[in-house]
Amino acid sequence: MAEKRKTPVRLALLGGAVALAAALILGGAVVLAAAWVPIRVPRTSTPESTPQPVGTLPAKPVAASTAVDTGTEALTIREWPVAAAKVMGPGRFEYNDLLGDEILARIQALRTCAAERSLAQTNAALAPFGYRLESRFNSERNRTLYDVHREGESEPLLAGLESIWPVSVNASGTDFVLVAENAPGARPLHVLVRNDQVEPWDPGPSAYLTPGYVGDSLARITATEFTTITYQVILGAQPVYTGTAVSVGAYMPLRSFTTWDDHWVLEVDDHLIMDGQDIGQALGYDAAFGFARIGAQSFYFFEQDGLVRISYGGQVLPNAYETVFHNHCCEAAIHNLEAGPDAVWFHALREGTWYFVEASLGE
């Protein structure tokens, strides 16, 4: 019997889908054309911050850096000061002018690396089944398209796909699911590829959240129409979690759905439901959001006692912020947090200054 729980929602931040495009949809490539200078900060202390007078910042942004080691993977946090909050914050196109060439180049480099790593991970997962993805730049559409090839066939199984979501393989290694947006003008608009099978995929009933394997069971989301949404997590054929949320305008409260090994996480507004438990409520957080798998560890933000902190690999990082910009829609969505297989990058406010922040594996 399905366990029914009510999930309260917070509508303080209105927005569209969380901008995890670099992790969820494979993209194009831009070369990094700038460098940063890290300043090492002891791991056990919170990085010091000197408030800047309104409208003034260092002539050249300098990245402050701190590292956290989870035993097998070290996550490094780098911060670049951008602007005093009284001058401007993220959510407007004009904010990009304050970011400057160095930070904008870094963002493009992170997106490029995320796209390349996502493609490599997808092909590694597909290889045992005799499938592979190939990317190619389409000059007419000015974007990268993808072809799905199957071993032993001269022509692509699917050609010119607009975007690819993450592949998921079952625990037994006998099947996979891969969702893609079809080629321009092709029907159906979206397809679901499985081992020896291609079928149409309707994103509407799942609010564009793609299915994935939990062990050997396929997990998926079902959701009713606006404005009060009743949603369920279906594991195999069995509902395992039911909740409600409210949509307002273009805002979709169902943010992301992640599966790995025997686990699943559904992000609803500022709540993270992991394996049927609201981890924010369980741990006494006022909010929890931005879930991602970075390397082999879980990463997310949580708000408690007026500060936003980061949890990575079961550890709380020393970095703390008053606000992390997320879950906005329309123009403001350009500065939502983003994530790739090895990094998360976002905009955060601390002591009157907005920072661009990168949390990534490696140096």
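Every read-out reported here was derived from the displayed coordinates using simple, explicitly stated rules and does not represent laboratory data. Since the model is a prediction, treat every value here as computed from it, not as a measurement. Virtual Cβ from ideal backbone geometry, glycine too; neighbours counted across all protein chains shown.
By average Cβ neighbour count within 10 Å, what is the ranking of 339-348, 321-330 from highest down?
Numbers: 339-348: 23.5, 321-330: 19.7.
Highest mean packing first, the order is 339-348, 321-330.
Which shape class applies to segment 293-353: rounded if a/c is under 1.5, otherwise prolate when a/b exceeds b/c and oblate if not, where a ≥ b ≥ c are the square roots of the Cα gyration tensor eigenvalues?
Because a/c hits 1.5 or more and a/b fails to exceed b/c, segment 293-353 counts as oblate.
³J(HN,Hα) across segment 79-89 via Karplus (A = 6.51, B = -1.76, C = 1.60, θ = phi - 60°), whole Hz, x for Gly/Pro?
Working through the residues one at a time gives 10, 10, x, 10, 7, 5, 4, 6, 7, 5, x Hz.
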